[in-house]
Amino acid sequence: MRRAHGRLRGVVILKKKLIEVALPLEAINRESAREKSIRHGHPSTLHLWWARRPLAACRAVLFGSLVDDPSAHPDRFPTEEAQQEERERLFRIIEELVKWENTTNPEVLKAARAEILASCDGNPPPVLDPFCGGGSIPLEAQRLGLEAHASDLNPVAVLITKALIEIPPSGESWPGSSAGPSPTAWSPTPTARARARARPSSTCSGATRPAWS
Ligand SMILES: C[S@@+](CC[C@H](N)C(=O)[O-])C[C@H]1O[C@@H](n2cnc3c(N)ncnc32)[C@H](O)[C@@H]1O
């Protein structure tokens, strides 16, 4: 996800990203652990996926991989103190971003998306998770306003991820359903209809418009 910063005698200079320097791990770990006891609104209540990664950790990793570390901008943050101060400001954003209660908070998501855009010259890269499992990474990419793509060897993983990132933002109803795009229309839990009609391919792509904000 590192974007070229410039070229010096043909050598591409990459901007250092926040994740390469520091992250507020205590807050990320705490919120990731808390997620295990969330019983309403979490994708794990739609369908269990045994290796699902915590959404808070995925959100923080995506943010930290896209947002520049302040040391990448010595013109704006010339001293170590100034860089650390800016890092602390970014940490505050992450600490809010990882809270379950803020997953649909427009102010918090707006602030995070603004930082990503600022670090990516207004054009963030699409995210591809080729081993998507339960879809945590593409779901969180979408929440951060990114174009998300996913694939998996396992068709069940593809079905879960499609239900998370592809069908809701498309406005389409679940295959075989005459109902509109309500959660009950695209949820894979009424499995008889899904089993009979859904034909998951091995890939999914989510629109930039997030399904969950
Ligand atoms: C650890 S899980 C991913 C978990 C996911 N990040 C989540 O949060 O739910 C790894 C996934 O890789 C998939 N996988 C393993 N080998 C693969 C391959 N060769 N091609 C595509 N997917 C593969 C498995 O089916 C499994 O769903």
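Please treat every number below as a calculation from the coordinates, not as lab data. The structure presented is a predicted model; accordingly, all values stated were derived computationally and were not measured. Cβ coordinates were reconstructed from backbone atoms using ideal geometry, including for glycine residues, and neighbour counts include every protein chain displayed.
Per residue of the range 105-120, what does 6.51 cos²θ - 1.76 cosθ + 1.60 with θ = phi - 60° give for ³J(HN,Hα)? Whole Hz please, x for Gly and Pro, Karplus curve as stated.
Result, ordered by residue: 7, x, 5, 5, 5, 4, 5, 5, 5, 5, 5, 5, 4, 5, 7, 10 Hz.
Please give every one of the lysines within straight-line cross-link reach of LYS15, meaning a C-alpha to C-alpha distance under 24 Å, and leave out same-chain neighbours fewer than 8 residues apart.
LYS110
Rank by packing, highest mean first: peptides 135-143, 44-52, with packing defined as the count of other Cβ atoms within 10 Å averaged across residues.
Going from most to least packed, we get 135-143, 44-52.
Would you mind checking the radius of gyration and Dmax of the range 52-144 based on alpha-carbon positions, in Å?
Cα radius of gyration and Dmax of the range 52-144 are 13.9, 42 Å respectively.
How would you order 23-30, 63-70 from highest to lowest mean count of nearby Cβ atoms within 10 Å?
Peptide ranking by packing, descending: 63-70, 23-30.
Which whole-Hz couplings ³J(HN,Hα) result when phi for each residue of the range 78-83 is put into the Karplus expression 6.51 cos²θ - 1.76 cosθ + 1.60, θ = phi - 60°, listed in order with x for Gly and Pro?
x, 10, 4, 5, 5, 5
Rg/Rh for the range 4-88: what does it come to with C-alpha atoms and Rh from Kirkwood?
We get a ratio of 1.15 for the range 4-88.
Determine the dipole magnitude for the range 109-160: charges of +1 sit on the beta-carbon of Lys and Arg, -1 on that of Asp and Glu, nothing else is charged, the reference point is the Cα centre, and the result goes in debye to the nearest 20.
180 debye
Charges only on Cβ, +1 for Lys and Arg, -1 for Asp and Glu: so what's the dipole of the range 18-183 about the Cα centre, in debye to the nearest 20?
840 debye
Given CYS120, HIS47, CYS58, which one lies farthest toward the positive end of the charge dipole of the range 44-138, if we put +1 on the Cβ of every Lys and Arg and -1 on the Cβ of every Asp and Glu?
In the range 44-138, that residue is HIS47.
Given a cut-off of 26 Å, what percent of all Cα-Cα pairs of the range 18-183 lie beyond it?
For the range 18-183, the share of Cα pairs beyond 26 Å comes to 31 percent.
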